[in-house]
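Scroll down for the structure; my scribbles are underneath it.
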There are 4 protein chains.
Amino acid sequence: MIAVLSRTAPLAQKAAVVRIAEDAGLEVHVSETPTHCLIGLLGEGASTLVPRVEALDGVIEVDRKAPPYMIVSRTHHAHRTEVRVGQARFGGDAVHVIAGPCSVESREQVLAAGDAVKMAGASALRGGAFKPRTSPYAFQGLGRQGLELLAEARARTGLPIVTEVLDVRDIDAVAEVADVLQVGARNMQHVPLLRELGRLNKPVLLKRGLCATLDELLCAAEYIVSAGNGQVILCERGVRTHVDHARATLDLAAIAVLKERTHLPVIVDPSHAAGTRALVAPLARAALAAGADGLIIESHPAPEVARSDKAQQLRPDQLTSLMDELRGIASVLGRPLGVDAQEAAA
Amino acid sequence: MIAVLSRTAPLAQKAAVVRIAEDAGLEVHVSETPTHCLIGLLGEGASTLVPRVEALDGVIEVDRKAPPYMIVSRTHHAHRTEVRVGQARFGGDAVHVIAGPCSVESREQVLAAGDAVKMAGASALRGGAFKPRTSPYAFQGLGRQGLELLAEARARTGLPIVTEVLDVRDIDAVAEVADVLQVGARNMQHVPLLRELGRLNKPVLLKRGLCATLDELLCAAEYIVSAGNGQVILCERGVRTHVDHARATLDLAAIAVLKERTHLPVIVDPSHAAGTRALVAPLARAALAAGADGLIIESHPAPEVARSDKAQQLRPDQLTSLMDELRGIASVLGRPLGVDAQEAAA
Amino acid sequence: MIAVLSRTAPLAQKAAVVRIAEDAGLEVHVSETPTHCLIGLLGEGASTLVPRVEALDGVIEVDRKAPPYMIVSRTHHAHRTEVRVGQARFGGDAVHVIAGPCSVESREQVLAAGDAVKMAGASALRGGAFKPRTSPYAFQGLGRQGLELLAEARARTGLPIVTEVLDVRDIDAVAEVADVLQVGARNMQHVPLLRELGRLNKPVLLKRGLCATLDELLCAAEYIVSAGNGQVILCERGVRTHVDHARATLDLAAIAVLKERTHLPVIVDPSHAAGTRALVAPLARAALAAGADGLIIESHPAPEVARSDKAQQLRPDQLTSLMDELRGIASVLGRPLGVDAQEAAA
Amino acid sequence: MIAVLSRTAPLAQKAAVVRIAEDAGLEVHVSETPTHCLIGLLGEGASTLVPRVEALDGVIEVDRKAPPYMIVSRTHHAHRTEVRVGQARFGGDAVHVIAGPCSVESREQVLAAGDAVKMAGASALRGGAFKPRTSPYAFQGLGRQGLELLAEARARTGLPIVTEVLDVRDIDAVAEVADVLQVGARNMQHVPLLRELGRLNKPVLLKRGLCATLDELLCAAEYIVSAGNGQVILCERGVRTHVDHARATLDLAAIAVLKERTHLPVIVDPSHAAGTRALVAPLARAALAAGADGLIIESHPAPEVARSDKAQQLRPDQLTSLMDELRGIASVLGRPLGVDAQEAAA
């Protein structure tokens, strides 16, 4: 249950709500949107307080049917959140592409990838230093050395870096280099990780689990946001179904449904859904046409020698021509692609 | 196993292959593509004939790994099939939209729908006279009276008619009115129906079953084509998964994969995948961006009083503005939308 | 909406309900359970009649929330339906096994299968004369000749025959031989077939579609029952999921849920869910332990030469030892296995 | 690729294999089964070493097609692993039930639960102190205080304790109390957790993820086992599918398939698959009948006031009567239920 006050209500009014809740043994979560102050009253017995809370000065409404992801919900937060990544704003008018290799493999590889990705017009560089792998014997990433190479690529290209974190004990090291910390599909419900990321002041890219519902994804985002970090970008990357001609089934209806339920930006990863190079471009175009705020695409200077996801990474020339198509589709929807002067100046 | 000969090989050479197969007790299927003559040799023991068949005059190749849908496969039939519907050619350069109400409900309704759909630029009018319904107590369509109303709408608008057939005993009546006979998802493996449709000389729109694999869809098409009717349009309409925020999960990777495996045209039905009006436009745009040859969209003059699929049919103005977006996306891919002068003249 | 009267209410009282409904333009369906007379009032505007119908003499209750499968529902029909097949009663205390080959292949094969199945203690013999096959080039069954062989096996063993029907035009021929007409998973929503089977006075074995919900299965049964034939046995045979280590995922929770929602008997087909011989016995045991009223199991005198489902048919000795385990499990649940003296005498 | 030597081969022979692999820059994993020494050679270029390794003294075989879970695979380890938990041996002849509440809620509750579970004949007590919850606002367990209460229940009942661990930083605290550390479905691919558990000398109960394949589950087990801890019990708990009448679809074919692929014991959690009390007993019976080595069942002294999983926990009397049925089914399969004199003495 949520008590809704104006953001500008006097502190005393907000405190009165908190006091009543705490006296009743409830847990209290306060969050402030651009326009409102939302006070979540959580626990058994909350509903018995409704009349008393409704009667308090400054309380506009008591919402008894708030979803379990009350802060990321649009119900009392119609204003869309824009997450700043370098000069890009995810969730704004423009759509943005994050591109780069699955794994950081060597200095040469990551610098070449960074150059190619920048040339193609991407807004950020992705690359995995810590890799979550199904088998313990598969390449697990270069780890901290990989982070250093990413830092070098950033210095050279000026592109912000998106990279994954798997272990709560690595968060500080990753946060030192990353502009966006990625939580992979396998870790969508890795709660200690979500909570610790909630203590950072850096954007988090949260991927949907392979069979997660949208409400589970939004609750995972709520773990981060309720811990204090509102800069979350959601990412659809395909769900596991009986379909066996692609690595996962991209759920493009999720974009519109998420944008109805939450004010957070929503991007799509066509590469992991595709699993093969030939499907990446059609799915990338489709995702943008369906209304995604951006894409994250795997691209490697020489995919045939990649140490992971060999079959699905685009060659630089493929990325470049895909970007042209994406620009066209974005423009049909009235959206620029990539960082433009106006955004850079903002 | 398939023996591949040139289409222009002398009949005696083709007959020699058939004779050897029949003598060995095999079933034989002959089909001719624009360039080749494919002779399927089916049954146990076919493989023992390989050396003898390979040695025959005119036999270019014996393909032992042919898929079970040998005629609709692209393996020996690289040329794409174009299916003529009115002035439109599905599978050609242009993309086409079929639109109209879920069910034919009344004369007034279907004529209004026809006018609106024509005005919006659709290439054909859909409308169900025989409706497959989950419950025996739901509206099952106007039946033969509905067919007459569709005939009237065609006369008035000039648009070709797409309508579903459920029962082998109705095929003649439906074929008298329909320009395209639709096989619904529930009937994708209704074999007697497929076989009878294979005896017509009219296009068939074959929808993918709710949990069919692409090979099962192609085998269903093969039932029609192997019975003599090559005019089949495939239609992706969503698969059933754990996802519960849309009526079905649209599998857009299927488009590119189907176009790799078969020479038949592939269209998409975003309406039944969506289940709610708000999702139709994003999914329609996505399907076109992913490479579909066309779309089939439910549109009703007054969806709020529709007798079926109330929640997902577009109003005429919604259809019109969607068509504008679709035209833009098609153009990014270098494809015109709808029947153009060149196509009409062809 | 359903008006519930006592079965023994005077005809005049029942007729009064029907008259009001028909005057209001509603469709009316009457069905009688052992204890009640249920009058379904179907169509828009039904709810406005509630007060008038409730006020009629003999009307016990007006149920506005009846499910769309009102006759097969247990809501007003707590008494379980028992379907008589030969001497067996499906849905009674005993559990029954139907066994036999996937396809009828030859006189020798089907007679050997019948003997083995009888020896093992099965209550009925299955065998396909008309086979629904994914590929048009696969063995489609011996057709009417297969039916004759089944008739011969019945004469020899005394076992009732279960066999599939695919085409409305074959129903009479199949019904002449079959004691139970089977509707396969692909045809669960083949409405013309369901309706015609509803006009027979013979049991129908209705298999759940590969991705059907239980309510869809019950609605399919309602098509048969509302057309006049109450002898329907439901069959769970696995649903299609991302799981790839079995041909389908057997949904054993469905048994208890179905038995809560409907009074019809529920059996399980472990063979098609398994897809390989080694999984048949564990799944058969599990199905019985979960509360199934019976099983339908594929068994072939020599599976290695079978013309279909080679990998999953049990050898006669495997069937026999499985029957022993099944007898033990049934006994833990207090149920006899197979036709006993009491049932035969009933 | 795996080089297989006898377990009793001289150390010098084993070392020679390791040396060649290391010289070629490969990663090497050595594991010893009761009968063999398996040396995994991992990395690109391994295959070029085959002739040299095959020629070494003591090398029985070089297996190039070993699965990515080489240690938990049965290929070179036919002997079944038995995992000792208190007096029980999971994976031995007997089947065992672990029972207890979803969450530890209070001293009174957990002691009452422990007494009831012991009385019913369970072999171990489960109870969650750290709870993985979808929503950040749901009850997250009593944490370390919960562990203390579990320790008290163990002291009182003598039953070994099974409890979940979510965070690598809690492992030591949990391991101090737990006899078995549970990894929940959400954490099946939480690699840092798996690796740390691999350093313990305590059994780990590893639950299958909601949409994990069996090979993914086995790879997750391999992370633990390859880090040094061979005491892993696998647990099937249902997969997420389109089926909506149960919380998950229990995949009982998985039991037999897992027991074919791995030597580790396999148990089943019917409670989380069921989601409602009425489905727990049928699914529990089915799982045992399908060949499970044990079950983990939620049971609460007063489910109606439980703080989590209220709908699916069994009352003590329900657990007791289920245990009777389970004993009967186990006996049909020739297996005792629970710790018997022979096992206790072993």
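The values are calculated or read from the model by the stated rules, or taken from the named source; none is laboratory data. Just so it is clear, the model here is predicted, and its values are computed rather than measured. For neighbour counting, all protein chains shown are included, and Cβ atoms are generated from backbone atoms with ideal geometry for every residue, glycine included.
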**Prompt:** For the range C:319-332, does any single residue satisfy the condition of being among the polar types (S, T, N, Q), outside any loop (DSSP other than H, G, I, E, B) and buried (at least 23 other Cβ atoms within 10 Å of the Cβ)?
**Reply:** no
**Complete:** Residue hits (the range B:277-302; within 18 Å of residue B:153 (Cβ to Cβ) and not in a loop (DSSP other than H, G, I, E, B)) are B:296, B:297, B:298, B:299
**Sole exception among (1) under 20 Å from residue C:222 (Cα atoms); (2) within 14 Å of chain B (Cβ to nearest Cβ); (3) not β-branched (Val, Ile, Thr) for residue C:3, by number** = (2)
**Prompt:** For the subset of the range D:1-34 comprising residues that are assigned to a loop (DSSP other than H, G, I, E, B) and hydroxyl-bearing (Ser, Thr, Tyr), which member is farthest from the chain's Cα centre (by Cα)?
**Reply:** D:8
**Asked** Does the range B:179-189 hold any residues that are in contact with a strand residue (DSSP E or B) (Cβ under 7 Å, 6 or more places away or on another chain) and within 10 Å of chain C (Cβ to nearest Cβ), and which are they?
**Response** B:184, B:185, B:188
**Item:** Inter-residue pairs, beta-carbon under 9 Å, first touching a residue at least 40 places away in the same chain (Cβ under 8 Å) and in the range B:22-40, second part of a strand (DSSP E or B) and surrounded by fewer than 16 Cβ atoms within 10 Å (Cβ to Cβ), 6+ apart
**Value:** B:35/B:6; B:36/B:6; B:36/B:60
**Request:** Could you tell me which residue of the range C:35-92 is farthest from the chain's Cα centre (by Cα), considering only residues that are assigned to a loop (DSSP other than H, G, I, E, B) and of a type in the set (Val, Ile, Thr)?
**Result:** C:35
**the range C:275-286: number of residues that are surrounded by 24 or more Cβ atoms within 10 Å (Cβ to Cβ) and more than 7 Å from every other protein chain (Cβ to nearest Cβ)** = 2
**Item:** Every residue from the range B:198-218 that is more than 19 Å from residue B:70 (Cβ to Cβ) and either more than 9 Å from every other protein chain (Cβ to nearest Cβ) or free of Cβ contacts under 8 Å to residues at least 24 places away in the same chain (or both)
**Value:** B:199, B:200, B:201, B:202, B:203, B:205, B:207, B:208
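Conditions tested, residue by residue: (1) crowded, with 24+ Cβ neighbours inside 10 Å; (2) modelled with pLDDT of 95 or more; (3) in contact with an Asp or Glu (Cβ under 9 Å, 6 or more places away or on another chain); (4) farther than 27 Å from residue B:277 by Cβ.
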| residue | (1), (2), (3), (4) |
| --- | --- |
| B:97 | yes, yes, no, no |
| B:108 | no, yes, no, no |
| B:117 | yes, yes, no, no |
| B:136 | yes, no, yes, yes |
| B:151 | no, yes, yes, yes |
| B:167 | no, yes, no, yes |
**Asked** Can you name the residue in the range C:225-258 that is more than 8 Å from every other protein chain (Cβ to nearest Cβ) and under 30 Å from residue B:249 (Cα atoms) and is also farthest from the chain's Cα centre (by Cα) among such residues?
**Response** C:247
**Checking residue B:270 against (1) within 9 Å of chain A (Cβ to nearest Cβ); (2) under 17 Å from residue A:250 (Cα atoms), the condition it does not meet** = (1)
**Message:** Can you say whether residue D:311 is more than 26 Å from residue D:225 (Cβ to Cβ) and either within 9 Å of another protein chain (Cβ to nearest Cβ) or surrounded by fewer than 24 Cβ atoms within 10 Å (Cβ to Cβ) (or both), as far as the supplied structure shows?
**Reply:** yes
**Asked** Cβ-Cβ below 9 Å, separation at least six or inter-chain, first residue in the range B:297-308 and within 12 Å of residue B:104 (Cβ to Cβ) and in contact (Cβ under 8 Å) with a residue 24 or more places away in the chain, second assigned to a loop (DSSP other than H, G, I, E, B) and among the aromatic types (Phe, Trp, Tyr): which pairs?
**Response** B:307/B:139; B:308/B:139
**Prompt:** How do the helices (runs of 4 or more DSSP H) wholly within the range A:102-179 filter down when requiring 3 or more residues that are in the same structural domain as residue A:302 (by TED's automatic domain parsing) and closer than 22 Å to residue A:194 by Cα: which remain?
**Reply:** A:171-177
**Prompt:** Just wondering, is there one or more residues in the range A:295-307 that are buried (at least 24 other Cβ atoms within 10 Å of the Cβ), farther than 21 Å from residue A:70 by Cα and within 11 Å of chain B (Cβ to nearest Cβ)?
**Reply:** no
**Message:** Based on this model, can you work out whether residue B:31 counts as in contact with a Ser or Thr (Cβ under 9 Å, 6 or more places away or on another chain), closer than 25 Å to residue C:141 by Cβ and modelled with pLDDT under 90?
**Reply:** yes
